[in-house]
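K.L.:
Okay, handing you the structure first.
The values are calculated or read from the model by the stated rules, or taken from the named source; none is laboratory data. Nothing here was measured: the structure is a model prediction, and the numbers come from that model. Note that we place each Cβ from the backbone using ideal geometry, even for glycine, and neighbour counts take in every protein chain shown.
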Amino acid sequence: MFIDVAKIYVKAGKGGNGAVSFHREKYIANGGPDGGDGGAGGNVIFVVDDNLNTLLDFKYKRKYVAENGQNGMGSNSTGKSGANLYIKVPRGTLIKDPETGAIIKDMSTDEEFIIARGGKGGWGNSHFATPTRQAPRFAKNGLPGEEREVILELKLLADVGLIGYPNVGKSTLLSMISAARPKIANYHFTTLTPQLGVVKIPGGGSFVVADIPGLIEGASEGIGLGHDFLRHVERCRMLIHIVDISGFEGRDPISDYKKINEELQKFSEELAKLPQIVVGNKADLLDDEGKITEFKDFIEKEGKKLFIISAATNQGIKGLMNEVYKTLSELPPLKVYEPEVDLQQEYEKKAERDIKITKENGIFVIESEWLLRVLGGIDYTDFESLQYMNRILESSGVNKKLEEMGIKEGDTVSIYDIQFEYIK
């Protein structure tokens with residue numbers, strides 16, 4: 001089954017919590033703090049696998065979660081970092097934002113891409129020891145890993161796209177010029193999915209050709225199969241536009257040529273501007289040589305080159321392939337899409353210390369995911385821990401905001417499930 005679009009959820013691992021621990025050894029009294037740090041959470045990483053040519057795996061599994069980091073332990077033992085989670089995708093897969101459709105990454109190279117970074121491990125209490133605070137009874141919790149939904153969209157990497165109406169001989173041509181063996185039959189829509197083939201030119205050259213399922217009138221609006229697979233033509237450097245020159249099925253090659261190009265124009269102006277070589281196929285079935293002259297005059301007026309071939313008998317194919325190879329040598333390389341979203345900037349923005357303070361029934365309510373994570377390792381029964389919490393509230397500007405809102409000594413402050421009296 002060929003699947004070229006999928007939506008998945010990815011979540012990096014949470015960082016392990018720092019440990020609160022004190023050195024205990026025989027004959028050594030009052031051992032100092034030795035709580036180790038938590039391990040980092042695992043990243044979620046996309047990698048290209050050239051053995052894949054569909055997104056079928058993502059039809060059945062849509063949630064991908066990396067391993068959490070382990071908590072720190074005594075004796076200054078750092079927790080083990082969570083294992084990275086590698087997600088394999090076919091070359092040419094675009095990673096997109098599901099809300100905006102913006103491209104996050106084009107997986108067309110061998111470069112790995114981290115889509116979600118694991119959370120940092122929390123500090124153990126050994127980090128908080130000072131000459132005046134020799135037994136800190138608090139540590140930092142690990143931070144959560146990044147998470148998001150993404151759209152995966154496969155756009156096949158091919159130098160040349162074969163386009164044209166159904167049953168004009170695209171699959172037959174592909175089978176003659178490459179080792180690809182697409183299904184070939186004498187009925188419309190024999191090809192239900194895009195097919196790739198590598199064409200080798202004497203002397204060592206080669207290029208990749210994609211057989212795109214037959215377009216029909218209205219394809220750009222979702223009629224037939226063409227609309228589903230037009231995206232696979234977008235990366236192509238040039239197009240081979242095949243028409244049935246024989247008239248065997250009562251088709252008019254000029255009319256077919258015009259309609260297919262109209263569909264390309266409606267789908268993408270950029271796609272319609274790609275270089276085209278026009279091919280009149282099924283010459284072996286032609287019973288009226290005048291049709292060739294008429295079609296040739298029309299194509300020359302369009303400013304394009306015409307090749308008359310018979311894919312079934314191999315007539316004219318060598319000259320066509322040499323011309324395609326020559327044209328490709330003069331064109332830019334395969335298109336690689338630039339990112340439209342800066343994930344690092346987006347993550348940094350989310351990590352900003354957004355703090356919301358409201359007053360409800362005389363209670364000052366503080367909401368901040370960042371603050372909740374920072375205060376997660378506080379021991380509220382320990383005086384030094386409370387002093388540390390107060391320094392966090394001061395340095396983050398919470399106390400200043402509370403004073404601007406008119407808080408007075410003795411008023412109640414609530415941070416999620418924690419409540420305390422405000423003391424200046």
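K.L.:
Looking at this structure, is Gly35 modelled with pLDDT of 90 or more and crowded, with 24+ Cβ neighbours inside 10 Å?
P.N.:
The answer is no for Gly35.
K.L.:
Further, regarding this structure: If you go through the range 64-86 one residue at a time, how many are under 30 Å from Leu156 (Cβ atoms) and surrounded by fewer than 23 Cβ atoms within 10 Å (Cβ to Cβ)?
P.N.:
Adding up the residues that qualify gives 5.
K.L.:
State which residue is surrounded by the most Cβ atoms within 10 Å (Cβ to Cβ) when the search covers only the range 389-409 and only residues that are touching a residue at least 24 places away in the same chain (Cβ under 8 Å) and outside any helix (DSSP H, G or I).
P.N.:
Once the filter is applied, the top-ranked residue is Ile407.
K.L.:
Would you check which residues across the range 61-81 are closer than 10 Å to Gly13 by Cα and assigned to a strand (DSSP E or B) and list them?
P.N.:
Matches in the range 61-81: Val65 only.
K.L.:
Further question: Filter the range 362-383 for residues that are at pLDDT 70 or above, surrounded by 18 or more Cβ atoms within 10 Å (Cβ to Cβ) and not β-branched (Val, Ile, Thr); which is farthest from Lys120 (Cα to Cα)?
P.N.:
In this case the residue turns out to be Phe364.
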